[in-house]
Every structure is written in structure tokens, then in C-alpha cells.
Amino acid sequence: MSERQGRRILLVVGGGIAAYKALELVRLATKAGIAVTAVLTEAGARFVTPLSLQALTGERVYQDLWSLTDESEMGHIQLSRAADLVVVAPATADLLAKLAAGLAPDLASTLLLATDKPVLAAPAMNVRMWEHPATVANRELLRGRGVRFVGPDEGEMACHEWGPGRLAEPAAILAAIEAELAAGAALAGRHVLVTAGPTQEPIDPVRYLGNRSSGRQGYAIAAACAALGARVTLVSGPVSMAGPSCVKLVRVETAAEMLAACEAALPADAAICAAAVADWQVAAPATEKLKKPQTPMLSLVPTPDILATLAAAGPSRPPLVIGFAAETNDVVRNATEKRRLKRADWILANDVRPETGIMGGAHNAVTLITGEGAETWPDMPKEAVAARLADRIATALRAS
Ligand code: CTP
């Protein structure tokens, strides 16, 4: 995949009368130098033929999840990631619902679920379907997860009703594709270092001091930066997740190992310290398992502060050093103070009281604190926080 040259989209053609416009979209995209891998749903194949798509893309068209040939040539996971952008045109109410619910009964929906690339949807459906509360909820959910939309346009539809629901014009979809591809390369040539997960500080060979961090926010940031074209080194404490694709994952256990791995990864254009590093380590971990009936007294010493060390790294200091502040009270005030003490450029403050469900959860509500002040972001999925942060990093690095 990394040897692939040029720009490529994966185009999912859903079922609907507007599917014929997908052919014009393919023609315009290939003319603009964008290679197209086409995937046709069963319903899509009722409106356009694989042969027309094949003729226009100049490549084989994928239709069947269970096709052994597909699996031997290119597995569906690889297919979902072998493009810079996934475009769904027309995106039917059914496809949006499947994606929102995480259903994967066919090749198109499986690819949408498996991809780690940005998704651009061009909806087309009857106006009542578009305005149905189920579709409204699905698209809001998908927007929150970072799916982008182009259209639908308003006008008379094939069913002779009037309103929003018409597929955007192919030229408008192409413009949106061009914009996504340009944004997608916003961190090209940059090296981003991310720390994630908890650290585990040994007490003896079988016990450790740890915390509840899932690593989810840090992994999402690493994936979002990679999606913008950055080379990413993700230094992670023990978590149960697999590393995002296209990211160099360095697994560590202790704070000291995390610091050493970060320093070895420098230079970097940006460092994002999302790890929940243990604050203390046992001064002298036992070499043999501690036994009852004695109750051990643990003597603790502070762990190295990775964020503060990177922010004070002299000539090898990354131009943008970003930390998180996990607080349970006076969140913004404490986080602002943390930014000053640790000399971070930005701090993302979050309220980790158990009732917020943030630590270990799927959502995050952050306040971004920079030299210019504090900016509170709405509660959103951690992936959306990551995408927004990656955009901000790209903008800041461009300006520096
Ligand atoms: N951090 C770090 N190394 C440490 C401790 C924290 O790199 N040894 C980083 C975290 O990754 C985070 C930021 O510092 O980006 C703040 O972490 P937080 O847990 O909120 O604060 P602490 O520094 O641990 O301070 P306290 O627990 O006293 O609030």
C-alpha cells in the first residue's frame, strides 16, 4: 500500500436512480488524475452495470464479500484501506443506517466499517426518507464520528416530489473529493509522536501500580494524524487495542520506558502526550513475589514527567508540545496551571470525575488551552476530538 503512487478513492455505489451519476463522477475523477476503485452494492447493480464502471475506472469492480477471488487477490480489510478517501455516492438511507449501526452484511458496508480512511458521503434519497427522524439521527451520529457529507441538493426528484434528497452534481462531489484529498495531506512530511494508555509500575514480578486509562483517545489521535498523512510514532502503555494501521507502534510498560522510547523517536514536529502516566513508581520493586502474612510498605518515588521533559528538550524540543490534563475539580484553572508548569504549548483539559464516563469511555469533552486562551469543545466521540485536534495541529504547523 505504501508503494502506491498518486491519489486514489474507493467509490461505493449504492442503489438508487442517481447511481447513473456515479458514472459521470468516475469520468470526472479519472480525468482529474484520481484513480478510482469501484464497489457496487447489490442494489447499485440494478441501476448501473459493473461493466460500465469497469470501463470507466479501467479496473476491476468489487461486488461480493464472499468472492474467493477477491479474498485471494485483495482482502476486504486491505481493500478498505488502499485508497486515500472512501466516497459513497449515492449514499442511500439504507447504507447510512448500516454504517451508523455498525452493520456489515455485504461488501460495501463491511468496507465502510473496516476502513481507517476518511469517508465522504453523497446522499440521495426521497425527501421523506431524508427527513425521517431515523435518517436525521443517523447522519448526525455519522457527522459526530467524522463522516463528511456533500449534498443532497434540493429540487425535483425522480419520484416527482420536491425537496432535499437529490444527489449533488458530480462536479460538486468531485470538488468535495479534491478538498478532502488536499486536507488529507495536511500533515504530509511531518513526524508526530503520540503517547497513549496507562503505564504499569512494578511492585514485584506479578503486581503493578496502574490506572484505568484505555488508550482510546491517544490511539484515535495517532490514527487521525496518520490519516492526514503524518508519519506517526505511537508509544503506548499496555492496552487491549490493536495499533492503528500506518502507525509505528512502540509498546512499553513503565514511565521510564515510555520516556526512553519518546526520546529515541525524536526529532518530531509535534508531540501529543495523551498517556495516563503513573505518577509514582516503587523505589525498589521486589525481585521475588511478595508473600503474606506480612503487609508490605511501599516506598514510592515520582516517575519522570514525559510531557515536561519533551517540552524542555532544548534543540530537539518538538515545535508543538501538547498535553492533556485529567482533572476532577477546577478543571480549566488547574489545566492552565499545568500548561504553565510543564511548558506545554497546548493542554487539552478534561473532567475525569467518574460520572463523566470520560476515562475509559468512548466520548470526550475537552477544553483546549493555548497561549491565546481557553476554548471548550462540545462533547463528542474520541475519534472526532482526535480529528479536530489533528486539523488544528496541521494548521499550527503550517503557520509556524
Ligand atoms: N504526564 C507525563 N508524564 C508524567 C505524568 C503526566 O507525560 N509522569 C503528562 C500526561 O500525559 C498529560 C499531562 O502530563 O499530558 C498531565 O497529566 P495529568 O495526569 O493530568 O497530571 P499530572 O502531571 O499527573 O499531575 P496531577 O496528577 O498532580 O494532576
Let me confirm something: among ALA344, ALA374, which residue is closer than 23 Å to LEU193 by Cβ and under 26 Å from the mean Cα position of the chain (by Cα)?
ALA344
Within the range 282-326, how many residues are surrounded by 18 or more Cβ atoms within 10 Å (Cβ to Cβ) and either near the ligand (Cβ under 10 Å from one of its atoms) or not assigned by TED's automatic domain parsing to the domain that holds ARG353 (or both)?
12
In the range 83-116, residues that are more than 20 Å from PHE149 (Cβ to Cβ) and within 16 Å of the chain's Cα centre (by Cα) total 1
Tell me, which strands (runs of 3 or more DSSP E) lie completely within the range 346-400 with 3 or more residues that are among the β-branched types (Val, Ile, Thr) and touching a residue at least 12 places away in the same chain (Cβ under 8 Å)?
366-370
Just to be sure I understand, how many residues within the range 182-205 are away from the ligand (no atom under 16 Å from the Cβ) and touching an Asp or Glu at 6+ places or on another chain (Cβ under 6 Å)?
3
Cβ pairs under 7 Å, 6+ apart or interchain, first in the range 237-263 and in the same structural domain as GLN281 (by TED's automatic domain parsing), second within 12 Å of the ligand (Cβ to nearest atom) and open to solvent by 30 Å² or more (accessible area, probe 1.4 Å), ordered by first then second residue, are THR254/GLN281; ALA255/VAL277; ALA255/GLN281; ALA255/PRO304; ALA256/PRO304; MET258/VAL277; LEU259/PRO304; LEU259/THR309
Looking only at the range 264-281, and only at residues there that are within 16 Å of the ligand (Cβ to nearest atom), in contact (Cβ under 8 Å) with a residue 24 or more places away in the chain and not in a strand (DSSP E or B), the one that is nearest to PRO202 (Cα to Cα):
ALA278
Filtering strands (runs of 3 or more DSSP E) wholly in the range 142-237 for at least 2 residues that are of a type in the set (Val, Ile, Thr) gives 191-196, 231-236
Of the residues in the range 174-224, those that are open to solvent by less than 20 Å² (accessible area, probe 1.4 Å) and aromatic (Phe, Trp, Tyr) come to TYR219
Right, VAL352: over 29 Å from TYR208 (Cα atoms) and within 16 Å of the ligand (Cβ to nearest atom) or not?
no
Please give the number of the condition GLY102 fails out of (1) closer than 27 Å to VAL36 by Cα; (2) open to solvent by less than 30 Å² (accessible area, probe 1.4 Å).
(2)
Going by what's in this entry, would LEU112 be described as in contact (Cβ under 8 Å) with a residue 60 or more places away in the chain, in a helix (DSSP H, G or I) and either closer than 18 Å to GLU383 by Cβ or open to solvent by 70 Å² or more (accessible area, probe 1.4 Å) (or both)?
yes
Taking the condition open to solvent by 30 Å² or more (accessible area, probe 1.4 Å) and modelled with pLDDT of 95 or more, does LEU266 pass?
yes
Just to check your reading of the model, which residue among ALA313, ALA349, ALA390 is out of contact with any His (no Cβ under 6 Å at 6 or more places or on another chain) and at pLDDT below 95?
ALA313
For residues that are more than 17 Å from LEU174 (Cα to Cα) and either surrounded by fewer than 21 Cβ atoms within 10 Å (Cβ to Cβ) or at pLDDT 95 or above (or both), tally how many sit in the range 16-42.
5
Flag if ALA227 is closer than 30 Å to LYS21 by Cβ, in contact (Cβ under 8 Å) with a residue 40 or more places away in the chain, more than 15 Å from the ligand (Cβ to nearest atom) and surrounded by 21 or more Cβ atoms within 10 Å (Cβ to Cβ):
yes
Please go through the range 282-312 and pick out each residue that is out of contact with any strand residue (DSSP E or B) (no Cβ under 9 Å at 6 or more places or on another chain) and not in a loop (DSSP other than H, G, I, E, B).
THR309
Hey, GLY163 hits all of (1) open to solvent by 10 Å² or more (accessible area, probe 1.4 Å); (2) without any contact (Cβ under 8 Å) to a residue 40 or more places away in the chain but one; which does it fall short on?
(1)
Scanning for something assigned by TED's automatic domain parsing to the domain that holds ALA312, within 28 Å of ARG8 (Cβ to Cβ) and touching a residue at least 24 places away in the same chain (Cβ under 8 Å), does the range 196-215 turn up at least one residue?
no
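The values are calculated or read from the model by the stated rules, or taken from the named source; none is laboratory data. This one's a predicted model, so the numbers in the text were calculated from it and none came from an experiment. Heads up, the Cβs are rebuilt from the backbone with ideal geometry, glycines too, and the neighbour counts pull from every protein chain shown. Note: areas computed on protein heavy atoms with side chains; ligands, DNA, RNA excluded. Shrake-Rupley method; radii C 1.70, N 1.55, O 1.52, S 1.80 Å.
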